[in-house]
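A short write-up of the structure that comes next.
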Amino acid sequence: MIARCCGAIIVLCRKAAWGASQNAQLHSHAQADIPSRLIRAFCTVRKLESDMRESIRHKALAVWKKLRALLTVRSVALLLVVFIVVTGGQRIAGSWLIPSGSISRQVVQAISKWTGYEVVSSGRSALSFWPSPKVTIEGVMLLPPGGHQSEPLMSIHRVTAGFSVMSVLLGDPVFKTIELEEPDITVAIQADGAPNWKPAGRLGELLSKPDEQADIAAAHVGRILVNAGKLHFKRDGREQAFIDEMHGTIDLRSASGPLSVDMDGKFNGQTVNVTATAASTSDLLFGKPTSFSTDLSATSGSVKASGKMSISSALYLDGRVKLVSSDTGKFASWLGLSYPALRSIGALDVDATLSSEGAKLTLSDLKLQAGNASANGALMTGWTGLAQTPFLSGTLAFDNFDCQAFMAAFINLPGSKNSAAFDIDTAFLGQLQMDLRFSASKATFSAVTMTDFAAGARIVDGHASFSLATGQFAGGTFSGELMLDDNAQAGRAASLHLEGANINLAEVPEDMRPLRFWPEATGSLELDAKAALPTTSVSKTQMIGSLKIDTGAGTLEGFDPKTFRELAGDKRFFDLSEAATGSMAFDKLDLDASLVNGVAELRHASVEGSSGRLAVNGVVPFHNSSIAMTGTLTAPPADALPDVRFFAGGAWPTVVISPASTVLNGQ
């Protein structure tokens, strides 16, 4: 436009110059008319000048109008965009630009696209743009593909999603927050071992192609809020566990970023809180190791773990774990581990390095505090396969090991050796597989204290053995084994084997002595017994076994051979307690008894020393305290006294002695 104005000015100047030259020619021919011609020329120039100015003004005004109109439209558009994006004007613009059903469909389509599951909404939907844009959808269900007849994977009373208006306008919605009101989630293992939740849709495609991890890393989910949720765990259609009153958040702003979970809930009557983090969500989804930490706390205990993990075809863990419980039995029962062995532990503190191989967990560098006992060692636990019983194996070194407490964790020991009935609940034989080894500088069983202790416990295929490999006791070595069997054909049975060498028998606690008359001597002992369970007055008659005792020099308390000989010579009957005024010294003791049909039969029992020889044989039924025996008391050769033969009958503690002469004479 400016160029056009300049061109017009040049043309006018040329016209003015031409007019001046014409005037000069006229001056030479007609000098008398010069003034009039000059006036006319001046007027012509002034008129051309005026016309030029008017033309320039009109053209400049038209240019300015067009330029001003153009600048106004662009400025307003630019300011509007800035207002929408920067100042939150999308809340106002969104209500004009987004159809009411569009965003609801996009939410449903986005979930279905990524999960591959069918999303059904049976309730109403609503849009709101204040204080922030959000959509609410009621009655949402997540179904397996084509699974209208199947149990929903998830049903949600109400879903509220906060979104970006610009992302919706561009057809790729980005959700900032997703609130799930009363979600009801079911996680199930089907009869074929497959889970009901399987990667499908776009997520399944990406997970099957590890080289496309960048695609999933760009996915945006946002912050998920859970309110009044429920979670069901099922196997073969039967519910195994149930969590309700779930409240918390799942923060997943970006699949390439960290994942964090903070959730409260109610499980088996206790409030539980779970917090967990993973450094990279995409690494976790693609089965790559990523850093993690988790903290589970409940009324009766807590578990903390941290380290590296992956969830590929086999779970991988590598880190540290710490478990603390004030009542292990309650904590285990709360977790669904109802094993009798855990009920009597009491307080428990476990700190160990944790690693995994499939369904197996290894605790190494283990520091264990169970009740008053502390131990170091290594344990392995887990499952050998799907639907298999759990197993526990390892080695533990204790400072002080309570054998009775450990045994009582599995079996109810009888109150006394004379208990008329005794049973062992063998249900644990089918609940747990176990192979443990123990060692301790000191171990106790009731009143017995052992040193240099080594033992083991094994449970497999309906058979259990609790074995004492070796232990120092009463100056000698001691070993033993208790075995339990639960056989469908043979029934339930228990067997016991005890063996000691070079033991001072006087140090055996009185309530653990199998005989009323117990020698004070050093020697060996061997006991074998087997009985059906439960042991009642009837089943005791089916007990079988043997008892052997061999000792060197010692004394037999409660039996005075001299007094016994005098009473046998003077009386036809007398109470054995009348001869308990002293003791019998001996150089050798030998006892061999068999346990058959509920009766202990003394095949051979003798003590021999400087005060003579005492030999007895007979039977002692288990179901009562009665005895029936014959015996011979032989004096030392130097005394030249006849043998005293006698019968012993009655019941402990009242045993009646009848000299053989009395019986032979019919008295």
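The values are calculated or read from the model by the stated rules, or taken from the named source; none is laboratory data. None of these values were measured; they are calculated from a predicted model. All Cβ positions, glycine included, derive from the backbone under ideal geometry; neighbour counts span all protein chains shown. Accessible surface is based on the protein model in full, side chains and every heavy atom, while ligands, DNA and RNA are left aside. Shrake-Rupley method; radii C 1.70, N 1.55, O 1.52, S 1.80 Å.
Quick one: count up the residues across segment 225-261 that are over 21 Å from Ser155 (Cβ atoms) and open to solvent by 70 Å² or more (accessible area, probe 1.4 Å). Counting residues in segment 225-261 that are over 21 Å from Ser155 (Cβ atoms) and open to solvent by 70 Å² or more (accessible area, probe 1.4 Å) gives 3.
Selection of segment 524-565 for residues being open to solvent by 60 Å² or more (accessible area, probe 1.4 Å) and at pLDDT below 90 yields Lys530, Ser537, Val538, Gln542, Ile544, Glu557. Taking the criterion of being at pLDDT below 85 and in a strand (DSSP E or B), the residues of segment 383-401 that qualify are Trp383, Pro390.
Scoring Asp452 on the criteria (1) under 23 Å from Ala373 (Cβ atoms); (2) in contact with a helix residue (DSSP H, G or I) (Cβ under 8 Å, 6 or more places away or on another chain); (3) modelled with pLDDT of 85 or more leaves a single failure, condition (2). Of Thr299, Thr275, Thr290, Thr249, all but one fail to be touching an Asp or Glu at 6+ places or on another chain (Cβ under 7 Å), of a type outside the set (Phe, Trp, Tyr), farther than 27 Å from Glu179 by Cα and modelled with pLDDT of 85 or more; the exception is Thr290. What do you reckon, is Ser167 among the hydroxyl-bearing types (Ser, Thr, Tyr), at pLDDT 70 or above and either surrounded by 17 or more Cβ atoms within 10 Å (Cβ to Cβ) or on the phi < 0 side of the Ramachandran plot (or both)? No: the conditions fail for Ser167. For segment 272-288, the set of residues classified as out of contact with any Pro (no Cβ under 9 Å at 6 or more places or on another chain) and either surrounded by 18 or more Cβ atoms within 10 Å (Cβ to Cβ) or on the phi > 0 side of the Ramachandran plot (or both) consists of Val272, Val274, Ser282, Leu284, listed by residue number. Of all the listed residues (Lys288, Lys304), the sole one being among the charged types (D, E, K, R) and within 27 Å of Ala200 (Cβ to Cβ) is Lys288.
In segment 341-364, what residues are more than 11 Å from Gly329 (Cβ to Cβ) and either of a type in the set (Phe, Trp, Tyr) or part of a loop (DSSP other than H, G, I, E, B) (or both)? Full working, then the answer.
In the first step, residues of segment 341-364 are kept if they are more than 11 Å from Gly329 (Cβ to Cβ); the result is 349-364.
Matches in segment 341-364: Gly358, Ala359.
Give the residue that is modelled with the highest pLDDT, with candidates limited to residues of segment 459-480 that are in a strand (DSSP E or B), more than 25 Å from Glu520 (Cα to Cα) and open to solvent by 20 Å² or more (accessible area, probe 1.4 Å). Of everything passing the filter in segment 459-480, Ser467 is modelled with the highest pLDDT.
Here segment 412-447 is the region considered, the condition is being touching a helix residue (DSSP H, G or I) at 6+ places or on another chain (Cβ under 7 Å) and assigned to a strand (DSSP E or B), and the residue that is modelled with the lowest pLDDT is Phe445.
Taking each residue of segment 561-572 that is in contact (Cβ under 8 Å) with a residue 24 or more places away in the chain and part of a helix (DSSP H, G or I) and looking for partners that are open to solvent by less than 100 Å² (accessible area, probe 1.4 Å) and among the β-branched types (Val, Ile, Thr) with beta-carbon atoms closer than 8 Å, six or more apart or interchain, yields Phe564/Val644; Phe564/Ile657; Arg565/Val644; Leu567/Ile657; Ala568/Val644; Ala568/Ile657; Gly569/Val644. If I filter segment 489-496 for residues that are surrounded by fewer than 20 Cβ atoms within 10 Å (Cβ to Cβ), modelled with pLDDT under 85 and charged (D, E, K, R), do I get at least one hit? Scanning segment 489-496, I find at least one residue that is surrounded by fewer than 20 Cβ atoms within 10 Å (Cβ to Cβ), modelled with pLDDT under 85 and charged (D, E, K, R), so the answer is yes.
Taken over segment 349-377, residues that are open to solvent by 40 Å² or more (accessible area, probe 1.4 Å) and of a type in the set (A, V, I, L, M) amount to 2. For segment 503-515, the criterion of a residue being at pLDDT below 75 and of a type outside the set (A, V, I, L, M) is satisfied by at least one position.
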